[in-house]
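For reference, the structure is listed below as structure tokens.
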Amino acid sequence: MSVFENIRTNLEKVSAYLELGEDEKKLLLSHKAVNKAKLKVEGKEYDAWRIVHNDALGPGKGGIRFHPGVSEDEVKSLSFWMSLKNSLAGLHYGGAKGGVKIDPRKMEANDLQGVSRAYVQAFHEHLGENKDIPAPDVYTNPQVMAWMLDEFEKIKKRHEPGMITGKPMSLGGCAIRADATSRGGKIILDRLLQKMDKDPKKTSVAVQGFGNAGMNISCMLENDGYKVIAVSDSKGGISDTDGLDVSKVIDAKKDKGSVTFHQGRRISNQELLELEADVLVLAALENQITVKNAADVKAKVILELANGPVTAEADDILLKKGIVAVPDILANSGGVVASYCEWCQNKTGHIFTEDYLTRVLEEKMAGAFDMTYELFKDKQGLSMRMAAYVLAIRRILDAEKARGNLD
Ligand code: NAD
């Protein structure tokens, strides 16, 4: 099933609750701009996209992914989720996303720089601090953002650091951006466990994906007394029921390229998803929990740091099993909240202290969680994802109505 089909299914589920009209559904399922290009770098060609789903709340906002699995369907889906995520977090942003179909793990830094610059050459007309603002996503990082900013400013012949976020500190980056997604996810998990009357020190966690999001949250959880009993990356996973030493796993990942080089019982990616752990953190890619494995998930809580890791059909199975899945548009919004602060600094020239940024992140995450949790608890049969969708979609449609685009 295509990723966007999941979105259609979820929108159908929520539309009865929201009593959406056909024109509202049509608007939510369509994209404001679908831009494609073929990037030509060193004699090779790469498919690339920049897509804006909705811009009623503000300029487009969303990361750029470099991955061999990137497709138009995926970028459209990711841009849709960005619209909802930004709306739920209360940010003045629409939703956008970009991607290049490429495997950066097999490329030299020079070629990666070439692709990053070619991306901006292809899409610069559509980007800008008041138009559409990219950020890092899977296999892109602050260095890629720096090359992109430099190319943009060369073309436009002016400085405009707010056209992209997730930059290095030397180019106007934000002190908490690098691990903000994980910080935000941890704030949400702590709050949820509190509501469920569970003690973090008696809580075991399995983490799928050990990149920016998965690695950082594993560290934060371990530091706070949670027991991280398994982690995985694209090469496989490891587990230890007594708890892994996360700093040593990081060393294995950094020195040898995979968590699987750390001691511990080797497990497959599939096994990790089905482990006896209290919490399952999904921090890799889309469509990881599907109808095929949802019934085998044993965790009581799923935290979606990845975008779209649970399919719409799998969601129904999890709900029936009483598993609480904290949806991506809530759980992983810490990154874009920090990006928003970075953008505000760039546009105004203010420099916020780290204490202030941390406070903003905490307030935004807690606010979005409390609102969503309240609706989820109030309405029997509504999953936390559907509660989050209801709140996010309402705000987008209110903005469209205020603009006179809907009756
Ligand atoms: P990353 O590139 O830093 O890490 C991705 C990790 O997933 C890598 O360790 C990779 O080996 C692993 N992986 C890939 N396929 C896997 C599989 N089948 N099983 C297990 N592991 C697998 O990317 P990231 O920035 O950490 O992003 C991860 C997810 O979080 C993505 O869905 C991304 O859209 C989402 N996200 C990230 C941020 C952020 O700020 N980094 C913000 C919001 C959402």
Exercise. What tally of residues in region 258-299 results from selecting those that are within 19 Å of C219 (Cβ to Cβ), touching a Lys or Arg at 6+ places or on another chain (Cβ under 9 Å) and in contact (Cβ under 8 Å) with a residue 12 or more places away in the chain?
Worked result: 9
Seminar exercise, completed: Among strands (runs of 3 or more DSSP E) completely within region 1-95, the ones holding 2 or more residues that are open to solvent by 10 Å² or more (accessible area, probe 1.4 Å) and either closer than 22 Å to N141 by Cβ or in contact with a Phe, Trp or Tyr (Cβ under 8 Å, 6 or more places away or on another chain) (or both) are 33-41, 44-54
Exercise. Does A306 fit the bill of being within 15 Å of the ligand (Cβ to nearest atom), among the aliphatic types (A, V, I, L, M), closer than 20 Å to M384 by Cβ and part of a helix (DSSP H, G or I)?
Worked result: no
Problem set entry | Positions within region 263-272 being within 9 Å of the ligand (Cβ to nearest atom) and open to solvent by less than 30 Å² (accessible area, probe 1.4 Å), in sequence order | L272
For this session: Look through region 275-296, keep the residues that are among the charged types (D, E, K, R) and crowded, with 18+ Cβ neighbours inside 10 Å, and return whichever of them is farthest from G211 (Cα to Cα).
Result: D278
For this session: Kindly establish whether V249 is among the β-branched types (V, I, T), open to solvent by less than 40 Å² (accessible area, probe 1.4 Å) and assigned to a strand (DSSP E or B).
Result: no
For this session: Considering only region 194-212, state which residues are within 19 Å of the chain's Cα centre (by Cα) and either more than 10 Å from the ligand (Cβ to nearest atom) or modelled with pLDDT of 95 or more (or both).
Result: A206, V207, Q208, G209, F210
Seminar exercise, completed: From the option list F66, F123, single residue qualifying as hydrophobic (A, V, I, L, M, F, W, C) and within 11 Å of the ligand (Cβ to nearest atom) is F66
Exercise. In region 333-362, which residue that is within 14 Å of T165 (Cβ to Cβ) and part of a loop (DSSP other than H, G, I, E, B) is nearest to the ligand (Cβ to nearest atom)?
Worked result: S333
Exercise. Going by the structure shown, is T260 more than 10 Å from the ligand (Cβ to nearest atom), farther than 19 Å from T181 by Cβ, surrounded by 17 or more Cβ atoms within 10 Å (Cβ to Cβ) and at pLDDT 95 or above?
Worked result: no
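Each row is one residue, and each column tells you yes or no for (1) within 14 Å of the ligand (Cβ to nearest atom); (2) open to solvent by less than 50 Å² (accessible area, probe 1.4 Å); (3) under 24 Å from P59 (Cβ atoms); (4) touching a residue at least 40 places away in the same chain (Cβ under 8 Å).
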site: M169; (1), (2), (3), (4): no, no, yes, no
site: G173; (1), (2), (3), (4): yes, yes, yes, yes
site: T181; (1), (2), (3), (4): yes, yes, yes, yes
site: L192; (1), (2), (3), (4): no, yes, no, yes
For this session: Determine whether region 349-370 contains at least one residue that is open to solvent by less than 10 Å² (accessible area, probe 1.4 Å), in contact (Cβ under 8 Å) with a residue 40 or more places away in the chain and farther than 23 Å from V205 by Cβ.
Result: yes
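The values are calculated or read from the model by the stated rules, or taken from the named source; none is laboratory data. What you see is a predicted model; the values in this text were computed from it and never measured. Counting neighbours? That spans all protein chains shown, and the Cβs are built from the backbone with ideal geometry, glycine included. Protein only, heavy atoms only, side chains kept; ligands, DNA and RNA dropped before computing areas. Shrake-Rupley method; radii C 1.70, N 1.55, O 1.52, S 1.80 Å.
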